[in-house]
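Working notes for the structure below.
Just so it is clear, none of the values below were taken in a lab; they were calculated from the coordinates. As the structure is a computational prediction, the values presented were derived from the model and not from experiment. Glycine gets a Cβ as well: all are built from the backbone with ideal geometry, and neighbour counts include every protein chain shown.
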Amino acid sequence: MDLYLIRHTTPNIEKGICYGQTDLDLVENYLEEFKLVHESLTINDEFQVYSSPLKRCMMLANSFGKTVITDERLKELNFGSWEMTLWDKIPEHELTPWMNDFVNIKVPSGESYLDLAERVQQFFNQIHKTHHDATCIIITHAGPMRALLANLLNLSLEDSFKIKIDYGAVFKISKTTAGYRITPEINLQEPS
């Protein structure tokens, strides 16, 4: 089984705004970014495409010219009442506890990172059972990607933000007799 785990390309939103499940457009040059993603894949014609239902993922998913299966479990973290708020405008009494334990603490009217990790792992387990010999392209967001990669690397969710994931990043996950091989190799870094 080969999985291509792909982050959506650059969303059209100002820096400093909290967004997760808000349905955003992509930047104007998205087709150029799509081309780079396609060029980084080595696949034949037999593959299945899965995607978060959010537009920034679906646009890339549709560019593969296949039927796309959407799955709610691939959505980004639900930031609840913080969606589309400037990070520095989020009330400190809400933000500080979450920043101190973002894995377990739910965002007001949203979810915790642990909630996200559990739904992503359910998706991965289902794909693993149903597509053990197939190639799958999975287009999602940085949060779900970090949660899944952390699980495969035996890394804690707290440390998963050391995994750098740029817009349009592609990771190939191959099942081997020894477990999973991830390419490119992931070098952990301190989050900025």
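Quick check: from the Cα gyration tensor, does the range 74-162 come out rounded (a/c under 1.5), prolate or oblate? It comes out prolate by the Cα gyration axes. In plain terms, the residue of 145, 59, 84, 1 with the fewest other Cβ atoms within 10 Å comes first and the most crowded comes last, giving 84, 1, 59, 145.
What is the chain's relative contact order, in percent, from Cα pairs under 8 angstrom and six or more apart in sequence?
That works out to 32 percent.
DSSP finds beta bridges in the chain, and of those with both partners inside it, around 50 percent are antiparallel.
Distance between the C-alpha centres of the range 102-119 and the range 67-90: 11 Å, rounded to the whole angstrom.
Here's how it looks for residue 51: its modeled amide H is under 5 Å from those of 69, 70, 71, 139, which are all 5 or more places away or on a different chain. Using the Cα gyration tensor of the range 2-183, with a ≥ b ≥ c the square roots of its eigenvalues, what is the shape: rounded (a/c below 1.5), prolate (a/b larger than b/c) or oblate (neither)? Taking the square roots of the gyration eigenvalues as a ≥ b ≥ c, the range 2-183 is oblate. A Förster radius of 30 Å combined with the Cβ-Cβ distance from residue 13 to residue 185 puts the calculated FRET efficiency at roughly 0.50. Screening the chain for whole DSSP H helices of 18 Å or more along their axis (Cα) with average Kyte-Doolittle hydropathy at least -1.0 returns 113-130. A cut-off of 5 Å between modelled amide H atoms, ignoring neighbours fewer than 5 places along the same chain, links residue 169 with 7.
The magnitude of the dipole of the chain, with charges of +1 and -1 set on the Cβ of Lys/Arg and Asp/Glu and taken from the Cα centre, is near 420 debye. Take the Cα of residue 62, go 7 Å toward its beta carbon, and the backbone nitrogen atoms of the range 1-26 under 12 Å from that spot belong to 26. Taken over the range 2-183, lysine pairs spaced eight or more positions apart, or on distinct chains, with alpha carbons under 17 Å apart number 7.
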